[in-house]
Structure formats: structure tokens, C-alpha cells
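Accompanying notes for the structure given below.
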């Protein structure tokens, strides 16, 4: 996540330094999210060939390479590295829900919350500290962005022992048929994509919105960081609470309403109440994302179905999600301001509620895994 959230606070400085147009800046916020979706289908293919644990290790190293490329080779490297980083995160993100389903089947909600909490922590650290880091290193945006190779390499070191164990999740080839014809699978997918669209609008554009309202880049980065940090609370508690009811529909409704309230507060509310709205936004978005991952696990009968549903939900979902930041950039260019962006928040948020209520029912997708 630091590779994604570190760019937004630096977007203005990067654009000025490289002479990027508003359209290119918008593309820079959209490309990594699009790659999350486009490269997600590769995950189960690679896992069947090499094993999930080895693929995660290898992709962590390609993520590190993307971070170096993004921060070291001008405009071309910036876009190429963003694509490589997005592709890497997309592949890893697909594999982890299947690993959770396999290793923690009886604690799926709790462990998904822990996993999501770790994602939020990484994103919050990067959003809040990238600008101060760049200022410390002679105001170099490249150094500020390149710093985040360190957690990628640390993650690879800590993950290395996993590659020495034969877990067998994908060592035997399994085939799952019929997901694309399953209505519940599409409801899970669309909820994943729509809530992710709001999340990546926040990652990509919230600092710019706040800067236009009078905050400095450092202040805007800290607000984003604080909002993401609050996600730690709901990322852990929302799945735990949701798995103790008869289904997840009420939980989904609550976290989506919190998310919409926080977004509208940050966009239109008085600045003296900004931190309050940022907290509301964080509580909402931490829950929406962790519940989306939890739904993948809960709606699957076994780890193989979970891995394939994860690929579908994140592949199609993140491709859909990429349209959100892109639409915000277009609307901002056309109107010259941010007020009209509220319509995007409303339409995407209401659609997420509709599909989330369908995905939150206590059902399984009607597919099974079979050995090839």
C-alpha cells in the first residue's frame, strides 16, 4: 500500500517538476488501480505453476523494482514504475485471501481484519510521511517516493521462510467453473469494485482537494494519513462484528453510510471540522475494504473457490475502480473546481450499497472446485 498512497501528497510537486498536464496527473492516479484489475487474473495461473508463497516473494521483489523505476527515471520511469507497482500489488492481493481461507478457516473474519489493518497501517505511514521525507532530503520528490522500497524489501525478508514450506494450496491443479455466471459472485465483485473506487479517489485526489481548500501539502498529507490510520480500528472490528450476525448486510450499510458522510464532510464541510470528517471517513473505509475481503472468504466453500473468487472480484473490481479517480480528474478539468465531484461520490456510494446488500446475504457462490 505505501507504493499507492505515497503518490497523492506528492502529486502537485511531481506534476510541477516534470511538467505534467492535469490529464497526465489524472492518468497517474488511475494507472496503478487499473493494473490492480488487469493483472489480477495472472495470480491463480502463477500460483498453480510456482506455488502461492513463491509467487508472493517474487512479486514483492518486482514491487521493489517498480518503486525504484518510478522514482529514478523521469516521466517515463514514473509511469512505467507505477504500472509495475500496481501490477505487483494486484497479483499479491488476489493470493492472500485464499491463503487466509486455507490457513485460518475458522478465524477468517478476524484474520482478514488483521491483514486489512496491516494494509491500512502501511498506507497511513506513507501518506503522512512522504512529504516530510522529501523535504528532509533536499525537497526531492524522487527520494520521498523511492524511500518506500524499504518496506517492500523488509516484507520479502519476513516472507522468505514461507517459501520453504509446502502448503499445497495450488500444488495440485484445481479448476473452478461457473463463477462468471453466478449472480452472487458478481454482487461480491461489484461491491469490491465500487467501494475500492471511492478508496482510490481518496488516495489519489483527497490531498489535492484539501490543498485547494487552503491546506498546505504537508497538512493535506497528514489528514489523509490520519484518516487511513483510523481505518485500523474498523478494519479489525468490522469483520469480527459482521461474522457474529446472521449475515453482513447491516455492517455493509453502516460502513458505507460512514464513508459517504466523511467524503461529503471533507468536500463541503467547514475546515474547522475537517479532522472529525476525516475520522468518520476512515472508520467507514476501513470497514468497507475489510468487509469486501471478508465476503470473498465467507461466500466461498473452500480455499480454491476463494482464490478464484478473489481473482474475479479484484480483477473486474479494480478495473471498475480505476474509473473513479479518472472520472474525478475529468470532472475537475471540465468544471475547474471540486464541487461537482460530490455527484460521483453519491452515485458510486449508492451503487456500492445496493450490490453490497446483495453480497452480504449468508449464501455461498454456487460453484465447486474440482481436480484437473
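Throughout, read-outs are computed from the coordinates displayed, never taken from laboratory work. Quick caveat, the model's predicted, so the values are computed rather than measured. Positions of Cβ are backbone-derived with ideal geometry, glycine not excepted, and every protein chain shown enters the neighbour counts.
Tabulated results
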quantity	calculated
Degrees between helix 249-268 axis and first principal axis of the chain (Cα, 0 to 90, nearest 10)	10 degrees
Helix axis angle, 74-103 relative to the chain longest principal axis, alpha carbon, degrees	30 degrees
Rounded to 10°, Cα long-axis angle of helix 22-38 versus longest principal axis of the chain	10 degrees
From the coordinates shown, Rg/Rh (Cα atoms, Kirkwood Rh) corresponds to which of [x] 1.06; [y] 1.12; [z] 0.96	[z]
Stretch gain in nm, segment residue 351-residue 271, where the contour uses 0.36 nm per residue and the Cα spacing is subtracted	26.0 nm
The chain, helix-only ellipticity at 222 nm - DSSP H runs n ≥ 4, -39,500 (n - 2.57), divided by all residues, nearest 500	-26500 deg cm²/dmol
Burial ordering of 163, 76, fewest other beta-carbon atoms within 10 Å first	76, 163
Separation of the residue 159 and residue 302 label points, Cα + 7 Å toward Cβ, nm	2.6 nm
Chain lengthening between residue 107 and residue 250 when straightened (0.36 nm per residue, less Cα-Cα)	49.4 nm
Surface/4 of the Cα convex hull for segment 267-372, nm²	8.5 nm²
Residue 335 paired with residue 364, simple spin-label distance in nm, labels 7 Å along Cα-to-beta-carbon	4.6 nm
By average C-beta atoms within 10 angstrom, highest first, the peptides 279-288, 335-344	279-288, 335-344
